[in-house]
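Asker: I'd like to ask some things about the structure below.
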2 protein chains.
Amino acid sequence: MDAKEKVGRYEFVAEPFHVDFAGRLTMGVLGNHLLNCAGFHAADRGFGIAVLNENHYTWVLSRLAVEMTDMPRAYEKFSIETWVENVYRLFTDRNFAVLNAEGKPIGYARSVWAMISMETRKPADLFLLHGDEITSYICADKPCPIAKAGRVKVGDAQPVAEYHTRYSDIDLNGHVNSIKYIEHILDLFPLEMYREKTLHRFEVAYAAESHYGDVLGFYREQKSENEYDIEVRKNGTETAIRSKVVFE
Amino acid sequence: MDAKEKVGRYEFVAEPFHVDFAGRLTMGVLGNHLLNCAGFHAADRGFGIAVLNENHYTWVLSRLAVEMTDMPRAYEKFSIETWVENVYRLFTDRNFAVLNAEGKPIGYARSVWAMISMETRKPADLFLLHGDEITSYICADKPCPIAKAGRVKVGDAQPVAEYHTRYSDIDLNGHVNSIKYIEHILDLFPLEMYREKTLHRFEVAYAAESHYGDVLGFYREQKSENEYDIEVRKNGTETAIRSKVVFE
């Protein structure tokens with residue numbers, strides 16, 4: 001299989017209501033586009049949600065790390081490339097490159113996905129399900145020059161914000177929408193932060209699913225001048241999300 | 001000018017993270033698509049934001065009423081048609097039809113727009129700016145079989161919710177994003193409401209702009225079994241938004 005088949009490329013435009021006050025595409029919208037691209041790419045190759053659901057399996061996002069040197073501006077065209085870097089028994093590593101209108105990379109992302117049974121919610125063995133076919137899409141030679149997600153550890157302290165989940169937070173699976181967590185986490189910082197600095201890197205690891213009626217507590221620890229670790233705990237106890245936000 | 005040139009038609013798909021827990025496209029996302037279609041349609045005819053901004057004018061949405069008999073489901077294709085029903089000195093009436101994958105109408109929308117000066121924020125005279133050219137796009141014979149927005153009046157009571165505007169609420173113009181108001185208003189209702197009923201009609205009138213740091217109070221009055229009037233007041237006084245929500 002040649003590189004062209006292994007790497008998917010999808011075109012977008014930064015819509016006016018999808019940019020922030022500074023005119024930059026929001027990280028939440030970019031995250032949504034990345035997940036859609038993963039879906040398109042998998043579907044085109046026979047590993048998409050539609051096929052999986054017939055067999056009672058679904059992909060779930062486990063981790064996402066995005067690092068940007070720039071963001072598309074309002075009305076600008078951009079594109080996203082995606083490819084599978086590796087397949088393990090229970091996980092796949094999927095990478096992304098974000099290209100500006102001139103085709104120059106302005107950022108990269110790394111993601112980790114598991115396939116779970118829709119009945120048991122437990123991870124499935126990818127090799128048992130798909131045999132060697134899934135490994136034929138591995139594209140190991142395309143670089144993704146950003147670090148893998150690091151360790152996030154937040155000490156016990158008072159939450160900096162508390163949030164009662166609402167109608168708009170809940171997705172098709174009955175859980176809090178992966179993209180909504182990104183928005184809620186970035187909303188912990190005041191507008192001035194985004195005026196003075198730019199969001200350089202964002203990491204999120206999905207640890208446990210939250211539901212309608214859960215109260216999410218946001219715990220934050222500043223690790224260095226521009227680096228913050230964030231933990232989201234549901235109903236005061238269980239960790240739902242671990243996240244790292246790095247400004248520049 | 002023939003009807004083909006007067007009516008714009010744009011294709012969409014209901015993305016997985018853009019549907020609610022019941023698998024229906026959210027009204028906020030539909031609203032975003034409607035506004036984008038208005039933008040595409042105007043731009044294609046020389047009345048778009050890019051041209052206007054050079055002349056220091058911009059379109060602002062004054063009112064939006066959407067009435068749906070169905071909503072696109074996750075992964076479904078749909079399309080939106082838009083046309084200008086009328087042009088007045090200070091306003092234009094723009095209508096929309098939402099068509100399902102088979103091309104059958106599943107809903108309609110009516111919107112009212114003003115053109116304002118970016119310096120004074122005051123409405124501009126459309127005929128003075130554009131002469132008769134703008135009237136050549138009027139398409140009076142295409143039906144939009146939904147009622148115009150009605151009168152919304154909410155008595156003085158305690159707000160049912162209070163919301164401190166955050167980073168993700170603020171758009172390119174420094175105001176609370178028109179689409180975010182839709183989400184916040186629909187979040188006033190519990191998930192059970194959307195489980196038992198469907199959102200049939202949504203109206204919003206934008207009365208005054210809100211900014212970062214404003215505290216929005218949401219006042220709600222039930223008008224009949226399925227009809228709610230909502231007023232959003234900023235900082236306890238000025239009306240920012242009037243809205244009507246009708247379930248079925």
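Asker: Confirm whether B:Leu90 is surrounded by fewer than 19 Cβ atoms within 10 Å (Cβ to Cβ) and either in contact with a Lys or Arg (Cβ under 9 Å, 6 or more places away or on another chain) or assigned by TED's automatic domain parsing to the domain that holds B:Ser210 (or both).
Answerer: no
Asker: I'd like the full set of residues that are under 16 Å from B:Ser79 (Cβ atoms), among the aliphatic types (A, V, I, L, M) and touching a residue at least 60 places away in the same chain (Cβ under 8 Å), limited to segment B:100-144.
Answerer: Result: B:Ala109, single match.
Asker: Of all strands (runs of 3 or more DSSP E) completely enclosed by segment B:1-96, which ones contain at least 3 residues that are within 14 Å of another protein chain (Cβ to nearest Cβ), more than 14 Å from B:Tyr137 (Cβ to Cβ) and under 18 Å from the mean Cα position of the chain (by Cα)?
Answerer: Once the strands (runs of 3 or more DSSP E) in segment B:1-96 are filtered for at least 3 residues that are within 14 Å of another protein chain (Cβ to nearest Cβ), more than 14 Å from B:Tyr137 (Cβ to Cβ) and under 18 Å from the mean Cα position of the chain (by Cα), what remains is B:57-68.
Asker: Please enumerate the residues belonging to segment A:136-172 that are at pLDDT below 95 and acidic (Asp, Glu).
Answerer: Passing the criteria: A:Asp141, A:Asp156.
Asker: Next question, about the same structure. Give, as residue ranges, the strands (runs of 3 or more DSSP E) completely inside segment B:138-248 that count at least 3 residues that are among the charged types (D, E, K, R).
Answerer: Here the list reads B:215-224, B:227-234, B:238-247.
Asker: Looking at (1) under 27 Å from B:Leu172 (Cβ atoms); (2) assigned by TED's automatic domain parsing to the domain that holds A:Pro72, can you tell me which one A:Leu188 breaks?
Answerer: Only one criterion in (1) under 27 Å from B:Leu172 (Cβ atoms); (2) assigned by TED's automatic domain parsing to the domain that holds A:Pro72 is unmet by A:Leu188, namely (2).
Asker: Let me ask something else about it. Is it the case that A:Ile106 is of a type outside the set (Phe, Trp, Tyr), assigned to a helix (DSSP H, G or I) and surrounded by 14 or more Cβ atoms within 10 Å (Cβ to Cβ)?
Answerer: no
Asker: In segment B:1-41, what count of residues is obtained for those that are of a type in the set (Gly, Ala, Ser) and farther than 24 Å from B:Tyr181 by Cα?
Answerer: 2
Asker: Of the residues in segment A:156-178, how many are crowded, with 22+ Cβ neighbours inside 10 Å and among the hydrophobic types (A, V, I, L, M, F, W, C)?
Answerer: Residues flagged as crowded, with 22+ Cβ neighbours inside 10 Å and among the hydrophobic types (A, V, I, L, M, F, W, C) within segment A:156-178 amount to 2.
Asker: Taking the stated definitions as given, is B:Leu191 within 14 Å of chain A (Cβ to nearest Cβ), surrounded by 15 or more Cβ atoms within 10 Å (Cβ to Cβ) and over 30 Å from B:Asp44 (Cβ atoms)?
Answerer: In short, yes.
Asker: Considering A:Arg233, A:Arg242, A:Arg151, A:Arg166, which residue is basic (Lys, Arg), over 26 Å from B:Leu172 (Cα atoms), outside the structural domain of A:Met71 (by TED's automatic domain parsing) and without any contact (Cβ under 8 Å) to a residue 60 or more places away in the chain?
Answerer: Answer to the selection: A:Arg151.
Asker: Let me ask another. Of the residues B:Ala43, B:Ala74, B:Ala22, B:Ala50, which is touching a Leu at 6+ places or on another chain (Cβ under 7 Å), surrounded by fewer than 21 Cβ atoms within 10 Å (Cβ to Cβ) and aliphatic (A, V, I, L, M)? Explain how you work it out, then say what you get.
Answerer: On the way: B:Ala43 fails: touching a Leu at 6+ places or on another chain (Cβ under 7 Å); B:Ala22 fails: touching a Leu at 6+ places or on another chain (Cβ under 7 Å); B:Ala50 fails: touching a Leu at 6+ places or on another chain (Cβ under 7 Å).
Among B:Ala43, B:Ala74, B:Ala22, B:Ala50, only B:Ala74 is touching a Leu at 6+ places or on another chain (Cβ under 7 Å), surrounded by fewer than 21 Cβ atoms within 10 Å (Cβ to Cβ) and aliphatic (A, V, I, L, M).
The values are calculated or read from the model by the stated rules, or taken from the named source; none is laboratory data. Everything numeric in this text was worked out from a predicted model, so none of it was measured. Ideal geometry is used to build each Cβ from the backbone, glycine not excepted, and the neighbour counts take in all protein chains shown.
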